[in-house]
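Report on the structure given below.
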Amino acid sequence: MQKPSKVSAKKIGGERAYDLVREGKEVDLPAREVTIYSIEILEIRHDTFVDIDIDVECSSGTYIRSIARDLGDALKVGGHLTALRRTQVDPFTLDDATSIEDSRVLPLALTIGALMPVREIDVMERNELTFGRALTRSTFDGPGVAIAPDGEVAAIIENREHGAQPLTVFVS
């Protein structure tokens, strides 16, 4: 169980916790379940403070800053995160990253296809989606992406009562 930081973006009564803290209000966020798959100590440096570099593999929704706080509390020395570098946000890793100088926009179909199931559609099906009509049911559950013959994203679709309904349609 992990208690998020009082200055997190979690909402309390429709307002962000960090906004409430800035207004001087007391914030108490409930602990929530997270999964820590692994924590590896990479380096320990003794300067003015003790700096510890760690590599954490965790579930989404885990607050890394809270891990630093909680470890510091457990060791009775205080803890604060001074740097954070994400090395993976499924399914993307540092191998997919570029520098700001070399940045580029990846094709939407390539990127979204890594996040959800793909259904390749023909021109007639693309036209149906453009008019907001349903297609035959897809073979996957949950939302998926309809890719047109030209390789472009046509729609985000999901199986509903009357077939694969468009949730979002991309018109080009």
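Laid out as a table, the results:
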quantity: Qualifying positions in segment 120-134 - outside any helix (DSSP H, G or I), in contact with a strand residue (DSSP E or B) (Cβ under 6 Å, 6 or more places away or on another chain) and over 10 Å from Pro166 (Cα atoms); calculated: Glu120, Ile121
quantity: Search result, residues across segment 6-28 that are more than 20 Å from the chain's Cα centre (by Cα), surrounded by fewer than 14 Cβ atoms within 10 Å (Cβ to Cβ) and under 21 Å from Ile67 (Cβ atoms); calculated: Asp28
quantity: Criterion violated by Thr62 - all others in (1) at pLDDT 90 or above; (2) touching a helix residue (DSSP H, G or I) at 6+ places or on another chain (Cβ under 9 Å) satisfied; calculated: (2)
quantity: Unique match (being assigned to a loop (DSSP other than H, G, I, E, B) and surrounded by 10 or more Cβ atoms within 10 Å (Cβ to Cβ)) among Leu115, Leu84; calculated: Leu115
quantity: Pairs where the first residue, in segment 81-94, is more than 17 Å from Gly61 (Cβ to Cβ) and the second is in a loop (DSSP other than H, G, I, E, B) and of a type in the set (Ser, Thr, Tyr), C-beta under 7 Å, 6+ apart; calculated: Thr93/Thr87; Leu94/Thr87
quantity: Count - residues of segment 93-112 that are assigned to a loop (DSSP other than H, G, I, E, B), of a type in the set (A, V, I, L, M, F, W, C) and within 18 Å of Ile147 (Cβ to Cβ); calculated: 2
quantity: Residues that are part of a loop (DSSP other than H, G, I, E, B) and basic (Lys, Arg), drawn from segment 25-76; calculated: Lys25, Lys76
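The values are calculated or read from the model by the stated rules, or taken from the named source; none is laboratory data. Treat the numbers as computed from the prediction; the structure is a model and nothing was measured. Here Cβ is always computed from backbone atoms with ideal geometry, including for glycine, and neighbour counts include all displayed protein chains.
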